[in-house]
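The values are calculated or read from the model by the stated rules, or taken from the named source; none is laboratory data. Predicted model only: the values in this text are computed from it and were never measured. Neighbour counts run over all protein chains shown; Cβ positions are idealised from the backbone, glycine included. Remember, those area values only see protein heavy atoms, side chains included, never the ligands or the DNA or RNA. Shrake-Rupley method; radii C 1.70, N 1.55, O 1.52, S 1.80 Å.
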Amino acid sequence: MNERQALAAFAALGQEHRLRVVRALVTAGPEGLAAGALATVVGVASTNLSFHLKELSHAGLITSQREGKSVIYSAAYAGLSDLIAFLMRDCCQGRPEVCDTALAALSACDCPTGDTAHV
């Protein structure tokens, strides 16, 4: 991820409903959520949700796929991981203890064994 992409991701996350969308999709896991269910979880009208989803998709933070009449949205774990890596790329300056808190938070994921989608 380069600086321009990171700025786009942070701009997309810098709005409360979009941040809630990403957090809800991360919580939902790789199965994602249908647009209607996502609107309910986030507390935003379905008519406004599409605008937020478009912004998050353009920033590479969510993906979508059609399943029958529904559109299922999922967190783009690779994009989110790239954003975290961008922030932490130059971490530590030779002092790994500086990164301990961030590493502990990331390793605290309660994913089932073999589920790498959240990594």
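At-a-glance table
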read-out: Residue under evaluation Ala85, criteria (1) at pLDDT below 95; (2) within 27 Å of Ala11 (Cβ to Cβ); (3) in a loop (DSSP other than H, G, I, E, B), criterion not met; value: (3)
read-out: Members of region 31-52 that are of a type in the set (A, V, I, L, M) and open to solvent by 70 Å² or more (accessible area, probe 1.4 Å); value: Val41
read-out: Matching residues in region 88-97 - criterion: being open to solvent by 80 Å² or more (accessible area, probe 1.4 Å), assigned to a helix (DSSP H, G or I) and of a type outside the set (Asp, Glu); value: Pro96
read-out: Pick from region 56-82, criterion assigned to a loop (DSSP other than H, G, I, E, B) and touching a residue at least 12 places away in the same chain (Cβ under 8 Å), ranking: surrounded by the fewest Cβ atoms within 10 Å (Cβ to Cβ); value: Gly60
read-out: All positions within region 20-35 that are under 16 Å from Val71 (Cα atoms) and without any contact (Cβ under 8 Å) to a residue 24 or more places away in the chain; value: Ala24
